[in-house]
Amino acid sequence: MRLRFQILFSVLGITFLAQAVFGLLAYRELTESRGDQLTIFLQYLTREIAERLTLPGNPDKAERHLEELRKKFSTAQSVLLIQKDDRIVYIAGAEGLNRADILPGLKSAYSDSDKHGMIDLEGIQFYWAVSQLPNNEYELIMLEPAGDNEDRITSALRMRLVSSGFVILWMAVWVSLILSSKISRQLDEKNDQLEHLALHDNLTGLPNRRLLTDRLEQLLRQSQRSKEPFALLLIDLDRFKEINDTLGHPFGDEILKRVSSRLLKSIREEDSIARLGGDEFAVLLPQTDLQGSELCVNRIMHSMNAPFRINDVSTESKASIGIALYPEHGESADVLMQYADVAMYQAKKAQSGYAVYDNSQNTYSVRRLQLMNDLRDAVEKNEIHVHYQPMIDNATQQVTGVETLARWQHPVLGNITPDEFITMAEQTGQIRLLTMQVLEQALKDCSAWEKLGYHLGVSINLSTYCLQDLSLPEEINSIIQRYDVDVADVELEITEGALMHDLSRAGKILDQLGNMGLQLAIDDFGTGFSSLNYLKNLPVATLKIDKSFILDMCDSESDNAIVKTIIELGHNLGCRVVAEGIENQRTLDSLKLLNVDTMQGFFYSKPLPADRLFAWLIEHDKQVSVSEEISSA
Amino acid sequence: MTKNMGRIDQVLRLGISIVLIYVGFVDQELINDHLTSMIAGIIGIVNLLSALIGICPLYSITGINTCHKEGK
């Protein structure tokens, strides 16, 4: 509104200024040109008179004609006279003037070159103009009182100025209004654009979390009044991180765009959809109960079935969907969002495509959600600690290396088992960073022990997810270089499951790692489902027998047979065989008999932090030397 | 186009139009200037038409609506 007034006043100001200048110019023009006008009039009159004089006729009539013309053109006070040789032949007007004074007065005022001008006759200002008749004997002279003319000019000018002033003012007001409305409309558009940007996702153009929350709260209020149910869906793409990492971010972005258009096609007009960030979407289904939302979910899952084909690369990405219902599950926006999130993770875990929020799993899942959030922080702040479990050589009883294990001491929830947080890290994509952190810490400790006189190998567990990442060998190499550790001392443990996932890709990466000189170990050997083919094809150096066989091997004949077979198989293939999970002397003795290469378990030591491990190493050395002395004695 | 002129606006315009048309076409002596009276008359006719249909084109351009102010 302020802008509107500013424009209005500025346009009005310019208008008044223009009007004043226009008036002044018009006035000067009118006054200065009066002499010219009189001259033109006289020239016209001379033509008229010349014609009349040459024609035979009534001289009275001719005079009347002149008189009419004079009055029509000028005022009644004007004087028209014709002179010849300083003698007045004809005169009209000139009431109140001494006729004898007119000619001498005029003579002094005009020269031959001037045709018009101003003179003072008896104290009155007159315009004068002169014109000669064609025969050159007669001169036609016109006198007009300047005062009369001025009155006429000012009255005409006043009228014109007033009326044109009104018109210009009227136009100015409208111009300023149109101008200001145009400007304000442009500003509104800009504002709308900015607002749109703030409330929408750049990539997909879908509403963002802020707008969704707003809509959710609005829908909550509406539904509270109308007592109608609604559903909130949270959608997360499976394997998206993997796609992004392996095929690149532009590819991932394109997938997100396609997903958003597929989602838009799967929902009704009144439903709203939002991208919450990353590969997470949310759908709000007003006036929808469980059945309705399941229908919608089925449509969405159906739409996600077709592979995404981008630049001749075809890839699939299924979605996991969590459903939370109002008012069944919750009556506030935060709770519904949280529960939909819980349901989504349940769906992801069960690989069921979708899950409706289940109250009975609540405590577990809310804890899980909290852990997931905290894990992200913990990994970023490097709060995951590394523990080491020693591996002992069967023949010499010397410690040959340590297995590196990640430990997380949660500030509130206490110790979190690796099974729990590693799976979470895999799901949230934190696993890579976590693995690299653990590796870095292990190599740092390894080089420290080396300086203290302990040459130990280091084993690290590699997740399935890491084996999909083509840049992994490069990264591992750079860390090894940094700590100046012998490559052959680093062993990477992978599970059989990891190989089943995508053998061609994983095989390529493992080959690369093997070529770099790293040792590869198959962890939990005997529990997977894959064939023995990979043992032949991959550069595997070590087999680690799954602890479930070791724990019961003294009581179960079949377990004993399996352990025996694996050891033999490993030796036949030229692999070192490690038995882990040794908890008592009996198991140790049987394994010694079976000629296993390396042993690991609580019987020797539980996983220890680096400083305590060092103390343990010194203690162990003492014990070994004592037993050697005893045996030699 | 929808109406954008309120009742008071219409009545005012009607009055102004009648005056303008009177000085423009009926009694030209009032303004002793031909051009001025013609302009007044034409503005009067346009204003009268817009008052009768209740739509002002300039209102539509600028987004003014005098209907609202009367709580219609």
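The values are calculated or read from the model by the stated rules, or taken from the named source; none is laboratory data. Keep in mind that this is a model prediction, so the values were computed, not measured. So basically every Cβ, Gly included, is an ideal-geometry build from the backbone, and we count neighbours across all protein chains shown.
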For A:THR75, are the conditions met, namely being in a helix (DSSP H, G or I) and either closer than 18 Å to A:TYR138 by Cα or modelled with pLDDT under 80 (or both)? no
Those residues of segment B:37-72 which are assigned to a loop (DSSP other than H, G, I, E, B) and modelled with pLDDT under 85 amount to B:GLY63, B:ILE64, B:ASN65, B:THR66, B:CYS67, B:GLY71, B:LYS72
For segment A:468-479, check the following and say yes or no: at least one residue is touching a Lys or Arg at 6+ places or on another chain (Cβ under 9 Å), surrounded by fewer than 17 Cβ atoms within 10 Å (Cβ to Cβ) and at pLDDT below 85. yes
Would you mind telling me which numbered condition in (1) in a helix (DSSP H, G or I); (2) out of contact with any helix residue (DSSP H, G or I) (no Cβ under 6 Å at 6 or more places or on another chain) A:LYS606 fails? (1)
Tell me which residues, restricted to segment A:553-581, are in a helix (DSSP H, G or I), among the acidic types (Asp, Glu) and over 13 Å from A:ASN595 (Cβ atoms). A:GLU557, A:ASP559
Take A:ILE141 and tell me if it is of a type in the set (Val, Ile, Thr), assigned by TED's automatic domain parsing to the domain that holds A:ILE119, in contact with a Ser or Thr (Cβ under 9 Å, 6 or more places away or on another chain) and touching a residue at least 40 places away in the same chain (Cβ under 8 Å). yes
Can you tell me which condition A:ARG586 does not meet? The list is (1) in a helix (DSSP H, G or I); (2) of a type outside the set (A, V, I, L, M, F, W, C); (3) under 15 Å from A:PRO390 (Cα atoms), and all the others hold. (3)
When restricted to A:ALA378, A:ALA355, A:ALA406, the only residue modelled with pLDDT of 80 or more and not in a strand (DSSP E or B) is A:ALA378
Residue check, A:PHE126 against (1) at pLDDT 75 or above; (2) touching a helix residue (DSSP H, G or I) at 6+ places or on another chain (Cβ under 6 Å); (3) closer than 21 Å to A:LYS72 by Cα, all met but one. Which one? (2)
Residue check, A:GLN346 in a helix (DSSP H, G or I), touching a Ser or Thr at 6+ places or on another chain (Cβ under 8 Å) and surrounded by 14 or more Cβ atoms within 10 Å (Cβ to Cβ): yes
Residue count for segment A:559-591, restricted to those that are touching a Lys or Arg at 6+ places or on another chain (Cβ under 7 Å) and among the acidic types (Asp, Glu): 1
Scan B:ILE61, B:ILE39 and give me the residue that is closer than 30 Å to A:GLN186 by Cβ, touching a Ser or Thr at 6+ places or on another chain (Cβ under 8 Å) and within 11 Å of chain A (Cβ to nearest Cβ). B:ILE61
Selection count where residues are of a type in the set (Gly, Ala, Ser), in contact (Cβ under 8 Å) with a residue 24 or more places away in the chain and part of a loop (DSSP other than H, G, I, E, B), scope segment A:445-470: 1
From A:SER272, A:SER260, A:SER266, grab the single residue that is of a type outside the set (A, V, I, L, M, F, W, C) and in contact with a strand residue (DSSP E or B) (Cβ under 6 Å, 6 or more places away or on another chain). A:SER272
Going through (1) in contact (Cβ under 8 Å) with a residue 24 or more places away in the chain; (2) in a helix (DSSP H, G or I) one by one, A:ASN373 fails only at (1)
When the residues of segment B:16-36 are filtered to those that are outside any helix (DSSP H, G or I) and either away from every other protein chain (no Cβ under 11 Å) or farther than 14 Å from A:SER163 by Cα (or both), which remaining residue is modelled with the highest pLDDT? B:ASP27
For segment A:417-444: of the residues being in a helix (DSSP H, G or I) and free of Cβ contacts under 8 Å to residues at least 12 places away in the same chain, which is farthest from A:ASP469 (Cα to Cα)? A:ASP419
Of the conditions (1) modelled with pLDDT of 80 or more; (2) touching an Asp or Glu at 6+ places or on another chain (Cβ under 7 Å), A:VAL485 clears all except one; give me its number. (2)
